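Undergrad: Sharing a structure here in structure tokens format.
The values are calculated or read from the model by the stated rules, or taken from the named source; none is laboratory data. Quantities reported herein were computed from a predicted structural model and do not represent experimental measurements. For neighbour counting, all protein chains shown are included, and Cβ atoms are generated from backbone atoms with ideal geometry for every residue, glycine included.
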Amino acid sequence: MNSNGAVVTATDLSRRYGEGEAAVDALRGVSLSVGAGELVAVMGPSGSGKSTLMHLLAALDKPTGGTVTIAGEDVGKLSDRGVTLLRRKHIGFVFQFFNLLPMLSAEENVLLPLSIAGEKPDPEFFKGLMDRVGLADRADHRPSELSGGQQQRVAIARALVAQPTVVFADEPTGNLDSRTGAAILELLRASTTDLGQTMVMVTHDAQAASIADRVLFLADGAIARELPRSPAATILATMSEIS
Amino acid sequence: MIRAELRGLLGRKLRTILTAVAIILGVAMVSGTFVLTDSIDKAFNSIFTDSRQGSDAVITGKAATSTNNGSNAPTIPESVLAKVQSLPDVKAAEGNVGGDAHLIGSNGKAIVFGGAPNLGFSIPHGASRFNPLTLVEGDWPHGQEVVVDKKTAGKKHIAIGDTIGIQAQGPIVRLKVSGLVKFGNVGIGGATLAGFDLPTAQALFDKKGQLDEIDVAAKSGVSDQKLLAQLRSVIPPNSQARTAAQQAAEDAKDTNTFISFLRGFLLAFGGIALFVGSFVIANSLSITIAQRTREFATYRTMGATRRQVLRAIVVEALVIGTAASVTGLFIGLALAKGLFRLFDAVGFTLPNSGIIFATRTAIVSMIVGVIVTLVASLRPAVRATRVPPIAAVREGSTLPPSRFARFRTVGSAIVTAAGFAALLYGLFGKHLGTKGVLIWMGVGALLIFVGVSMLSVRFIRPLAWALGWPATRIGGTAGWLARDNARRNPQRTASTAAALMIGLALVTLVAMLAAGITASFRGAVNKIWTNADYAITAQNNFDPIPIAAANAVAKVPGVEAVANVRTGDARAFGKNFFATAVNPPGGSIFQLDWKEGSQAVFSRLGADGAFIDDGYAKKHNLRIGSPIDMTFSSGAHKVFFVRGIFNPPTGGSPFGTVTISQAAWDELNENPENLYSFVRMSGGDTPQNAAKLDQALKRYPDAKEATRQKFIDNQISGLNSILNIFYVLLALSVIVSLFGIVNTLVLTVFERTREIGMLRAIGMTRRQVRRMIRHESVITALIGGVLGIVLGIVLGGLLIARVDFIVFSLPVFSLIVFAIAAIFVGILAAIFPARRAARLNVLEALQYE
């Protein structure tokens, strides 16, 4: 595969759950690469292995075969501590259920990755980020005082604040209504377009996938199709074709 | 991240407070103990120092049998006083006598406040420099007069000019109250004071021409050394001269021993409460951490290291521990006051000169509280570090099992076995000092508790199934669900129950020992007391009584025989021991199990005969005819020859290690006193006979008669008071475990919000929800109760197997009460969590994420 400018690569990735007869192959030899500043969507029906793929790419889980490299580091060769430091520097997450800490304000939630790494925010970048996600006037609110869309904005700001090599977004609109979801997608797209943030998004929503530079379709644990940036209708059609 | 965790702590106020309570109570007990004992210590020290304030040196009799000068010290001839006064460097000297003097109330009974002393003493020269008392009203006593302390006078409505009865060594003497006094600014507890002029005091204490001590003041500029040297040249050999400070320290020796015992005793209970508290904390933290799995995983996805997660939780524990310790420290102050009252209530009024709050109290309480919390948090904290980042994206993630999970059963069995090994070594090991025994037993018990609580996880399912059976009958569906809930997380149920288990095991142990002591004592009395109808004892059942009382009884018509048991310290083979003397009628009143000799020994003791118990005979290899060179506290000594050897019954006997004849005893001891007298009367124990004895004892208010049954009950009543103190102190640990159950239930309800919402949605009433929680609580408490009671019986059995004078006896009634108490703890613990569960809004509960 082309690894020119690639920040995330997977080579012949496989993941098997269980042993013996009960073993299930969630992923069977997936290879891909994500270039710097690219927004890649991974699509597929339930059980296609798209979540597993993301877990492996984000070093949340270990593959039973194949390798993952992030920013040139072979994840499989890293110790637990090595992976932790990799996460600090190179990985950001956006979760379906936001995973904000309820006791912290929006601003504190956003700054959390930096404080964990023991770093100070660049005030200008931080201010620009809060403006960009539209939370400048809500910085002191607790998550419980924010709407779902606002919470996801906080989560996106949190994923971007350390300017990681790659942001993984796991069904970022899965827990939002379609209008709010559309706004969130706009924000994600803008992050890549304006800030050059590399992003991998796992979704089953064609609308979400339509903002991606490239859409990978997974079926039965393998890549079934790949599309360049396409409108939702095309993506939907491809989806129904493969499943 | 640490800030986030601390914020979270505030966000979970209720749970945090419930967790902290476990530590607060234990620390309060520790700090309360220090405050209490420091305060008593200071009060006693000021009493002893104040009473020696005007003296530079003090001359006292020197007891040959012990180093402290108790009431058994020999007296000093009054003639010594003149010699002392004529010494060149002595400015003034005053001779005094003292002893127990009961004030007799208007009802004819001795005025006694709990176990506090009734002090009588001479006041030879009114307000002399040696007199520590202040006259509040009236005049110092002269001739047939007495001064009493104002507090007692106030309580018992004694006024100047009244005539009151005083009983010291002889029968009651009636004296006029000439004045009221007080002792410095120190509360003297429940003690009563009675002061007389010297001749009156000497008559009352049967010390005519004798003095107990001579207080000496030196001319100015004379050194202590010089003064003492001069004094030593004129005092008799069985007396000693000390500086006032030395004497005050000597006076304080007994109380210091008592205070350090009390301190150790109470600290032990504080320690137990903290130990139980550590279980509660560990469990609460485990549950909250399990519930925050996703939170920790989220931290990890953001690049938090395991160490950071660990640190966050440890800091959290540190904050809880510190806050709880500070709170406990101050509650301890209040508790100290409460303990003063508790001791007061059980008849043990302590002196008080204000509450002392030492720096050491604060430091020790803080350190202990924080360390216990930290240690308890370690395991849950380590488990939290094992939360993988992937848990952040998974629904319903649970904590991964510990790396050592599969060694758990083996490990806990090893811990339990090690505990029993340590306990058994402590009990039966050879050449262990008292301290060694206590340490081994303590460590053993600790390990056993930890081991059994870990091991019990395996038995939770069957235990909950069996103990939950009644719940399914009473509670219907709610009962079924309660039983299943108690069984679904055995680890949690086990940890929650373990806290209660410890408290109940100790309560059971204490009850077992008490039952064993009672049973063996009853058995012993029934064996030895074969042919008497009444015992004559002091009102408090253990003080010595004047011989005159027994003599008065002997003159009562219908009395066939009176056997006296005299008692005091003696010394032989280089060791002090408890010796007794008996008169010949003993042979017809007591029945001893003779190994050598027979009942006839009682009347054949004569001037130089003795009978001894078998243990003493074996220890010193004594046979019939062996000599024992005995020294008495007066300093007199004499060789006695063994005439008999008996086997004392398990519950002990009224006789000491060595028993001689009453006649020989009275010759060798000053001021002999009876411990008991036993009386046989024609017609046996009848109301008429009892009335006759009461009439004869009227002039000896401190003495009373008791039938065999009453005698046993009286002796046991002291034990029951002690037992009650144990129960009250152990209740603290049970309360801690109660909070543990509350906490677990609150956390469980929180965790099952959605589930409870679902149950409500499909038609469960609020009442049924409450019932479900209550039954789960009761099942958990019962598991703790049953485990505790069984463990208590095992531990008690082991202890009793070791101790010679206690027989194994199951206090069935008490055990049933404990089991009911456990159920009650369960019901009590469930009240609040059940209400919370029932109040859940169904809609919100179902939407809850």
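Undergrad: Going by what's in this entry, would residue B:109 be described as surrounded by fewer than 19 Cβ atoms within 10 Å (Cβ to Cβ) and touching a residue at least 60 places away in the same chain (Cβ under 8 Å)?
TA: yes
Undergrad: Separate question: Go over the candidates A:54, A:103 one by one and state the one that is within 13 Å of chain B (Cβ to nearest Cβ) and within 12 Å of the chain's Cα centre (by Cα). Reasoning before the result, please.
TA: On the way: A:103 fails: within 12 Å of the chain's Cα centre (by Cα).
A:54 is the lone residue from the list that is within 13 Å of chain B (Cβ to nearest Cβ) and within 12 Å of the chain's Cα centre (by Cα).
Undergrad: Given the criteria modelled with pLDDT under 90 and of a type in the set (A, V, I, L, M, F, W, C), does residue B:723 qualify?
TA: So residue B:723 fits the description; yes.
Undergrad: Ok, one more. Just the residues that are assigned to a helix (DSSP H, G or I), touching a residue at least 24 places away in the same chain (Cβ under 8 Å) and facing chain B (nearest Cβ under 7 Å), please, taken from region A:71-97.
TA: Those that are assigned to a helix (DSSP H, G or I), touching a residue at least 24 places away in the same chain (Cβ under 8 Å) and facing chain B (nearest Cβ under 7 Å): A:87, A:88.
Undergrad: Can you pull out every residue in region B:155-189 that is of a type in the set (S, T, N, Q) and touching a residue at least 24 places away in the same chain (Cβ under 8 Å)?
TA: Within region B:155-189, B:167, B:169, B:178, B:185 qualify.
Undergrad: Is region A:172-194 home to any residue that is within 13 Å of chain B (Cβ to nearest Cβ) and β-branched (Val, Ile, Thr)?
TA: So in region A:172-194, the residues within 13 Å of chain B (Cβ to nearest Cβ) come out as A:172, A:174-175.
Of the ones still in play, those that are also β-branched (Val, Ile, Thr) are none.
The answer is no, given that none of the residues of region A:172-194 is within 13 Å of chain B (Cβ to nearest Cβ) and β-branched (Val, Ile, Thr).
Undergrad: Right, another one. Please specify each residue of region B:250-276 satisfying the condition of being aliphatic (A, V, I, L, M) and touching a residue at least 40 places away in the same chain (Cβ under 8 Å).
TA: Correct list: B:252, B:259, B:262, B:266, B:267, B:272, B:273, B:274, B:276.
Undergrad: How about region A:57-67: which of its residues are away from chain B (no Cβ under 14 Å) and either within 14 Å of residue B:303 (Cβ to Cβ) or not in a loop (DSSP other than H, G, I, E, B) (or both)? Walk me through it before giving the result.
TA: Taking region A:57-67 as the starting set, the residues that turn out to be away from chain B (no Cβ under 14 Å) are A:64-67.
The answer is A:65, A:66, A:67.
Undergrad: Any residue that is modelled with pLDDT of 90 or more, in contact with an Asp or Glu (Cβ under 6 Å, 6 or more places away or on another chain) and on the phi < 0 side of the Ramachandran plot - is there at least one of those in region B:493-511?
TA: Checked region B:493-511: no residue is modelled with pLDDT of 90 or more, in contact with an Asp or Glu (Cβ under 6 Å, 6 or more places away or on another chain) and on the phi < 0 side of the Ramachandran plot.
Undergrad: At least 3 residues that are surrounded by fewer than 19 Cβ atoms within 10 Å (Cβ to Cβ) in each: list the strands (runs of 3 or more DSSP E) lying fully within region B:145-250 that qualify.
TA: In region B:145-250, the matching strands (runs of 3 or more DSSP E) lie at B:173-183.
Undergrad: Residues that are more than 24 Å from residue B:712 (Cα to Cα) and assigned by TED's automatic domain parsing to the domain that holds residue B:633: find the strands (runs of 3 or more DSSP E) completely inside region B:513-614 holding 1 or more of those.
TA: Of the strands (runs of 3 or more DSSP E) lying wholly inside region B:513-614, those with at least 1 residues that are more than 24 Å from residue B:712 (Cα to Cα) and assigned by TED's automatic domain parsing to the domain that holds residue B:633 span B:559-572, B:575-582, B:593-596, B:609-613.
Undergrad: Here is a further query. Return the residue satisfying two criteria in turn: it lies in region B:1-57 and is basic (Lys, Arg) and more than 14 Å from every other protein chain (Cβ to nearest Cβ), and of such residues it is farthest from the chain's Cα centre (by Cα).
TA: The selected residue is B:52.
Undergrad: Can you go through A:10, A:58 and tell me which one is crowded, with 21+ Cβ neighbours inside 10 Å, in contact with a Phe, Trp or Tyr (Cβ under 9 Å, 6 or more places away or on another chain) and under 28 Å from residue A:193 (Cβ atoms)?
TA: Criteria check complete, one pass: A:58.
Undergrad: So is residue A:171 crowded, with 16+ Cβ neighbours inside 10 Å and within 22 Å of residue A:37 (Cα to Cα) or not? Please lay out each step first, then the result.
TA: On the way: crowded, with 16+ Cβ neighbours inside 10 Å: yes; within 22 Å of residue A:37 (Cα to Cα): yes.
The answer is yes for residue A:171.
Undergrad: Whether any residue in region B:741-752 is part of a loop (DSSP other than H, G, I, E, B), out of contact with any Pro (no Cβ under 7 Å at 6 or more places or on another chain), farther than 23 Å from residue B:591 by Cα and outside the structural domain of residue B:266 (by TED's automatic domain parsing) is what I want to check.
TA: yes
Undergrad: How about region B:681-730: which of its residues are under 30 Å from residue B:25 (Cβ atoms), touching a Gly at 6+ places or on another chain (Cβ under 8 Å) and surrounded by fewer than 17 Cβ atoms within 10 Å (Cβ to Cβ)?
TA: Hit for region B:681-730 is B:721, nothing else.
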